[in-house]
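One structure is given below, encoded as structure tokens.
The values are calculated or read from the model by the stated rules, or taken from the named source; none is laboratory data. Note that the structure is predicted; figures quoted are calculated from it, not measured. Note that each Cβ is placed from the backbone with ideal geometry, even for glycine, and that neighbours are counted across all protein chains shown.
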Amino acid sequence: MNMAGKTSVNGESNGKVHRKVGLVYDETMCKHDTPHGEAHPERPDRIRVIWENLQLAGVTQRCVVLGGTKAEDAHLQLVHTKDHVNLVKSSTNKKDYQSDRIASLVNSIYLNRSTSEAAYLAAGSVVEVAEKVAKGELDSGFAIVRPPGHHAEADEAMGFCFFNNVAVAASYLLDERPDLGVKKILIVDWDVHHGNGTQKMFWEDPRVLVFSVHRREDGGFYPGGDAGSYNMVGEGPGEGFNINVPWEQGRCGDADYLAAWDHILIPVAKEFNPDIILLSAGFDAAIGDPLGGCRVTPYGYSVMLKKLMEFAQGKIVMALEGGYNLDSIAKSSLACVQVLLEDNPIQGSSEEIPFMSTWRVIQAVRKRLCAYWPSLADELSSKLINQKTPTPIVLTSNSNSEAKDNAHELLDQLSKLNIETHKVDTKVSTSWRSDLSKVDVWYASFGSNMWKPRFLCYIQGGQVEGMTKPCVGSMDKSPPKGITWGTYPNRLFFGRESTNVWGKGGVAFTNPLTNPNDQTHMCLLEQFNDVLFQENGLNVDFASPIFGLTALQLVEKNGSTPLEADLAPWYGNVVCLGREGDVPILTMTCTLSVIEKFASGEVPLSPPAKAYANTLIRGLVEGGIFSEEEAEAYIDDAASKPLYINGASRF
Ligand code: Q9C
Ligand code: ZN
């Protein structure tokens, strides 16, 4: 045991009553490592950097510092099988750690000679802090432990976890220490992964309310499957005492987490009124985490924790779970300990707004659980949701009255027109639509239409995340027959203050006159004119196509052709990027004179709004072009680099 700091007693100083906060740190838990020093995100330095940062900030001296305590087998067996406990225990004596049957790749587990000791210390230390907090010896505490615990099941190690540290502590308080008077425990699991083990262990137990917020993406995110769904509410007497908030996407940040707090966790916690809170505090939803892909800031964590301090007289036991960016976990941990110490007001702010998918998830969770928790029964006000993001998702225009109006308007206009069918070879185009419909072009999108659901709005009508209003859809509702991708030596950039469709934030353009090493990734789709109309926010004027056969000939001949400025204020320039076989690849951007104004600064560049960038990133990821991190970097880069013309800065 290594007492890495000195115990100091808190109490009165400067007339202010300080809270007694316990910290567990034990260097022994660093000895759990990969068998041959292979790199792994769940590495010894994780707890070291947290501890060192707390020391550096001078907070360890103001806390009660405890060394680790090994768990007792009897306590582990409150939630684990005897076989599992023995398997972990006996792993110390293994000769070959790579072929150990529990160290399987599928379960995301590795072990070495010290794994067992670390696992016993991790579980025992959480039990120790929980007991002291329940007794009132401490107001709250943070067990800086590894290996983590929340994926571990009764008879299975998985997801870097061996013993379910938090579950052991909860069962210990309830089953072994009735004298401490803890009858109801709230477990909050904000690790980016679903706490599958904890969920299973208290599935039928109404004494333990398990709340997990995690990235799920339809079961595609670890640990996957259905377990993390919001439909998993517990069973028997435990029905309603399991709450999952499963994000549909990555990049969730403070605003998304705080929305889940304000509209799910906090109202439920008020009703449940726990005697103590155990916090599965993984910091892998933190910004910069290599596994989580979310973006919670230290400020966000501190606000989430502060909101929990209102319950159970602030009796909170934090136990480290995941978190793999050393810098992020060190900062987030410090922010949380400062909240536990209650020594200064929380500094920071967040201008982010929740994703539309976040509201969708929150509403679904509330609906699923309102029978058990009446405070979830009210519909969230549309003011709240619309203030934050545009109207809820509508994938077809039929269920949206505004879209219906637009569609009717369109049909009215259409019925007034007498559209004749013409042959393809008709030279003089009186029915441009019919003519063009028989001409193949690829429409190359570098913007929101890279994301297929967004493009389908232009075809079928409808609305997706980030759009302030629905699209009417195209005359020809057939979906694209094929989608392909290309990379062109163009330069993606973002300009303008806002658009009708996406609201505040820059809109994507591409500059064809750039360095050959500039690259814009484009999604090649069929359909063109109807998209062009809608891209420019036009009520379709059938009498004058913005892009007709003449324009097509011009663009093929000249490489680009300007459109009538009045008709196409945003994308007034059709550019031919080349051909695929006989089929011209066209894209649209602003005119060259406007690009010059962007480059000179006369018209300002402006980064895309979050929801708009999100749409682009989803397109690139789902199109298989980039990982999420790469897509994000690509968009960030395009949004932040200055714009040059012909490879030369104008300044
Ligand atoms: N494709 C914790 O954060 N990832 N565990 C496996 C397989 C495992 C995370 C990916 C992530 C486990 C405590
Ligand atoms: Zn995790």
Which one of these does E271 not meet: (1) surrounded by fewer than 22 Cβ atoms within 10 Å (Cβ to Cβ); (2) modelled with pLDDT of 95 or more; (3) within 13 Å of the chain's Cα centre (by Cα)?
-> (3)
Exactly one of G220, G141 is at pLDDT below 95 and either crowded, with 24+ Cβ neighbours inside 10 Å or within 14 Å of ligand 1 (Cβ to nearest atom) (or both), and that one is G220
Hey, among G323, G348, which residue is in contact with a helix residue (DSSP H, G or I) (Cβ under 8 Å, 6 or more places away or on another chain) and either without any contact (Cβ under 8 Å) to a residue 40 or more places away in the chain or more than 14 Å from ligand 1 (Cβ to nearest atom) (or both)?
-> G348
Does region 223-243 hold any residues that are closer than 25 Å to S332 by Cα and within 16 Å of ligand 1 (Cβ to nearest atom), and which are they?
-> P223, G228
Kindly indicate whether any position in region 174-185 is modelled with pLDDT of 95 or more, within 26 Å of G292 (Cα to Cα) and assigned by the TED database to the domain that holds A259.
-> no
Return the total of residues in region 144-181 being farther than 14 Å from I316 by Cβ, of a type in the set (A, V, I, L, M) and either more than 16 Å from ligand 1 (Cβ to nearest atom) or surrounded by fewer than 20 Cβ atoms within 10 Å (Cβ to Cβ) (or both).
-> 4
Exactly one condition in (1) within 16 Å of ligand 2 (Cβ to nearest atom); (2) surrounded by 23 or more Cβ atoms within 10 Å (Cβ to Cβ); (3) more than 14 Å from the chain's Cα centre (by Cα) is not met by P298; state its number.
-> (1)
Selection over region 58-76 where residues are within 19 Å of T115 (Cβ to Cβ), touching a Ser or Thr at 6+ places or on another chain (Cβ under 6 Å) and surrounded by fewer than 21 Cβ atoms within 10 Å (Cβ to Cβ) yields a count of 1
Return a yes/no flag: does region 120-138 have any residue that is surrounded by 24 or more Cβ atoms within 10 Å (Cβ to Cβ) and within 14 Å of ligand 2 (Cβ to nearest atom).
-> no
Residues of region 182-211 being within 24 Å of Q313 (Cβ to Cβ), within 16 Å of ligand 2 (Cβ to nearest atom) and in contact (Cβ under 8 Å) with a residue 40 or more places away in the chain, in sequence order, are I187, V188, D189, W190, T198, F211
